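What follows is a short report on a single structure.
Since every read-out is calculated from the coordinates, none of them should be taken as a lab result. No experiment lies behind these values; they were computed from the predicted model shown. Cβ: placed from backbone, ideal geometry, glycine included. Neighbour counts: every protein chain shown.
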Amino acid sequence: MSLPGLRPTPGFQKEPKLNTGDEIRNSSANGRLWGVRARDWAEVQEGQCSAAYEAVFDELSLRPGSRYCDVGCGAGMAALLAARRGAEVAGVDAAESLLAIARERVAVADFRLGDLEQLPFADGSFDFVTGFNAFQFAANPVAALVEARRVAKPTGRIVVLTWGNPQGMDAAALVTALKPLLPSPPVGAPGPFALSDEGALRTFADSAGLTVLKLSHVNCEWRYRDLHTALRGLGSSGVAARAAEHSSVEAVDAAHAAALAPFRCDDGSYRLGASFRWLLAAP
């Protein structure tokens, strides 16, 4: 789908790029990487951001009968929270192993395997469409956001949530710890914090033809009862899977353990802060 006047967001590639490992940044590659440790993601890491999901749902006034879709839904944590509020839930993800867990969590939901740039839903299907740290993983993030606009009702609302300002954020140390273990990114490829700046996030929404209604932020506390649990959770992301393939699982665990050290509590648990910026828009 294309819209008149659609323009690419600075920092985002219009076409998929090859990295040094000849892996295309597309849905099949992302699905494979994010599905490697699906159970660890679902059981440990995905819930660390529940406070962010709940804050967004409070703003949306999600209620019984609302038609809701989460793009890049993962193992369905956000969808589960929406279903508990009475929403009619749908979701799409590129990892079948994550979707299998999502279906266990919300049996009545409509979870589909698919591409963020070609959502498998009809025009104007949903009252609310969210992408929680999802759009930046698409080969063409602007096209993915245009698709979110397409499947939203004319009166619907769209939410883009991404990392907040990395300066002073505890969790940013865990993200950057993997950089030396990853293959060199394509020239001009967006980094994990490409949308953290308010101006960049507004420009991203404008590029997809959205009308920005509100910008806000939310803080989450990530908690792990011990180092083993922390390494399970942090090692379950698609980025960590790519780093493990390029380097090794042992190298990923060592990098995470070193980055976690400042956040160890006296009882052996770990607590650290993560901040997210989110944008509310109309189609």
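Taking Cα centre as origin and charging only the Cβ of basic (Lys, Arg, +1) and acidic (Asp, Glu, -1) residues, the dipole magnitude of the range 27-282 rounds to 280 debye.
Principal-axis analysis of the Cα atoms of the chain puts helix 141-151 at an angle of about 40° to the longest axis.
The long axis of helix 96-105 is offset from the longest Cα principal axis of the chain by roughly 80 degrees.
Based solely on its DSSP helices, what 222 nm [θ] is calculated for the chain when runs of n ≥ 4 H residues each add -39,500 (n - 2.57) and the sum is averaged over all residues, nearest 500 deg cm²/dmol?
-9500 deg cm²/dmol
According to the Cα-based calculation, Rg over Rh for the range 119-167 is 1.03, with Rh computed by the Kirkwood formula. In a simple Cβ point-charge model (Lys, Arg +1; Asp, Glu -1; nothing else charged), the range 195-239 has a dipole of about 200 debye relative to its Cα centre. Shape index of the range 201-274: Rg/Rh, with Rg the Cα radius of gyration and Rh the Kirkwood radius from the inverse mean 1/r over Cα pairs, equals 1.16. Taking loop as defined by DSSP and a crowding limit of 11 other beta carbons within 10 Å, which chymotrypsin sites (Phe, Trp or Tyr not before Pro) in the range 179-274 fit? Nothing satisfies the criteria.
By the gyration tensor of its Cα atoms, with a ≥ b ≥ c the square roots of the eigenvalues, what is the shape of the range 129-283: rounded for a/c under 1.5, prolate for a/b over b/c, or oblate? In terms of gyration-tensor shape, prolate. Please report the spacing between the Cα centers of the range 180-233 and the range 59-87 in Å, no decimals. Taking the Cα centre of the range 59-87 as reference, the centre of the range 180-233 is 21 Å away. Please determine, in degrees from 0 to 90 and to the nearest 10, the orientation of helix 50-60 with respect to the longest principal axis defined by the Cα atoms of the chain, where the helix direction is its Cα long axis. In the chain, helix 50-60 runs at an angle near 20 degrees to the longest axis.
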